[in-house]
Every structure is written in structure tokens, then in C-alpha cells.
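> Below is the structure I would like to discuss, written out as C-alpha cells.
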Amino acid sequence: MQRITKFLIAYLSFIVFIVSTNPNNQVVSKNNSSSIDSINETINEVIENKSSSDIKVDEPIIEEISLKKMNLLILSGHASLQKDPGAVSQGRYEYAYAKDLTQQLSNHLKTNYPHINVILEDAPYKAAEEALYIGKVQPDYVISIHFNAGGGTGFEIITPLKNEKLTFATEVVKVLRDYDIPIRPLSIYSRSTSTNRIERKVNQPLNGSDYYAVINKGASMGIISEILEIEFIDNAQAMQRYEQNKTKYVDAIAKSINKYYIEEYNKN
Ligand SMILES: [Zn+2]
């Protein structure tokens, strides 16, 4: 254990040294410091979670600190122009925006968070059928990407009634706010079959059945499944701003998935 800890401390010191001596530090410091934070958090987790009996000193260190993979299903809301385009406004199709963001998020996760195993639908399902896909692949965590309609602007997230810690939802709203992305006044809510939107607070799980099939199916399997409504597709100005800030959305969602991984998945 001591050897591992020494190795990790040396490794972290090395990274800190590289960052602090980087001549372009001013320009890239935001990204660098956030990835250092995530490495720090992850390594701290490994140290905390591994008891000395878990570690066989004769094996290579890299295997000893390898992380348990989490299977993340990313559902791209709606299917296709013919099957189910979702909301449509002024030539903008919800299914196409969802697919584009899903792909970029998937690429970003594969590059930066290799302990998150991304699963995408092999053939996009209609929104009403997506719950079937959850049953088919049995993932550890689910997010479903959508774009809103009906007038307005900003991000919102719909979470299971029984979700207690709201780890991902709280983090994604916080990070997006830090990036000056507009957030809806009712930013984190649940919807049951007998109620409309209910604002959610941490450590206050609710009873009842979730209204949305994707969330309900996850809950029935003990999986947190959340719907992200990114922006309003019928608001041209908001969609233009979304396009300009897409990488911030990708970054915020990925970071928040990693936060869930560290705080909830990897502890189980
Ligand atoms: Zn939708």
C-alpha cells in the first residue's frame, strides 16, 4: 500500500510540475486544472477504496489502479425523420440535434474518461420504445438527450422520483451555470403519473411511479435514468447560442457523469 501511495504522490507531483511549468499555462489553465482535479479525485478514490488486502504488490501498478468500468447508455432522443423526428421548428429537427450531441459526447467520454464505457443505440428507437432498449442492454446508468419546444430558453433535467442524491443533476446544472449557459427556473424536477413537475431537492426522494417510460424503466431495474432537455429548438436565438457553446455542454455533461461515477458507482 505504501509503495502505491508513494507512486501516486510522485505521479501527481509530476503532473503538477508539468502544469506549473507549462509556458502556455495562461491559455489552457482551465482545461488542465479541471483534468488534474479529476485525476486527483479518481486517484484519491482508488486509495480510499482499496484496502491493503486488495493490492498484490507483485503485479504491475497500472493494473492495481485500473478502475471498474461503468456502462453508460446514452439514448439519442427520437429516431429519424421518418420514424420519429421529435420537435420540429424552422428546419431544425430534434432527432438530428440529439444525435449530433450524443456523438460528440460519446467521443469526448471515450477520449477523456476511459473508465466510462459508452453504449449507443444500434438503431435509434422511437422515444416511446427507448425503455425497451434499457431492458435489452442492462446498463449501469442512462441519460437521454432531448431538445425542448414550446417557447422559452435554458437547460433542464428530469430525474427519477426515487433519486436521492441527485449527484449528476446537481453537478451538471452547476457546471453549466459556471459556463454562463442559461438554466430554466425549474432546473431539476421529477414527474409522476399523478402529478405535474415537482422540483427536486437533495436527500428528499419521492414516492410514486415516474411518468416518462425511460425513467420508469430504469427505476424498475434500480438504475438512474435521466432526461436532459438541452435547449429550446423553437427559439432560433437560443439554438444559435447553443451551437456556439456546444463544447461546454459536452464538457459539463461528461464531467458530471464522472462525478456520478466517483461518488456513487465506484463506491458500490
Ligand atoms: Zn424529445
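> Note down all Cβ pairs under 7 Å where the first residue falls in segment 96-108 and is farther than 10 Å from residue 145 by Cβ, the second is within 16 Å of the ligand (Cβ to nearest atom), and they're at least six residues apart or on different chains.
From segment 96-108, the pairs are 106/74.
> Let me ask something additional. Residue by residue through segment 132-154, note down the ones that are within 14 Å of the ligand (Cβ to nearest atom) and buried (at least 16 other Cβ atoms within 10 Å of the Cβ).
Listed by number, the residues that qualify are 143, 144, 145, 146, 147, 148, 149.
> Quick check, is residue 262 in contact with a helix residue (DSSP H, G or I) (Cβ under 7 Å, 6 or more places away or on another chain) and crowded, with 22+ Cβ neighbours inside 10 Å?
no
> Would you please name the residue that is farthest from the ligand (Cβ to nearest atom), looking only at residues in segment 82-115 that are closer than 17 Å to residue 70 by Cα and of a type in the set (A, V, I, L, M)?
109
> Quick test for you: out of 235, 245, pick the one residue that is under 26 Å from residue 88 (Cα atoms) and buried (at least 19 other Cβ atoms within 10 Å of the Cβ).
Going through 235, 245 in turn, the sole match is 235.
Laboratory data are not the source of any read-out in this text; all were calculated from the coordinates shown. From a predicted model like this one, the values you see are computed outputs, not experimental measurements. With ideal geometry, Cβ positions are generated from the backbone for all residues, glycine too; neighbour counts draw on all protein chains shown.
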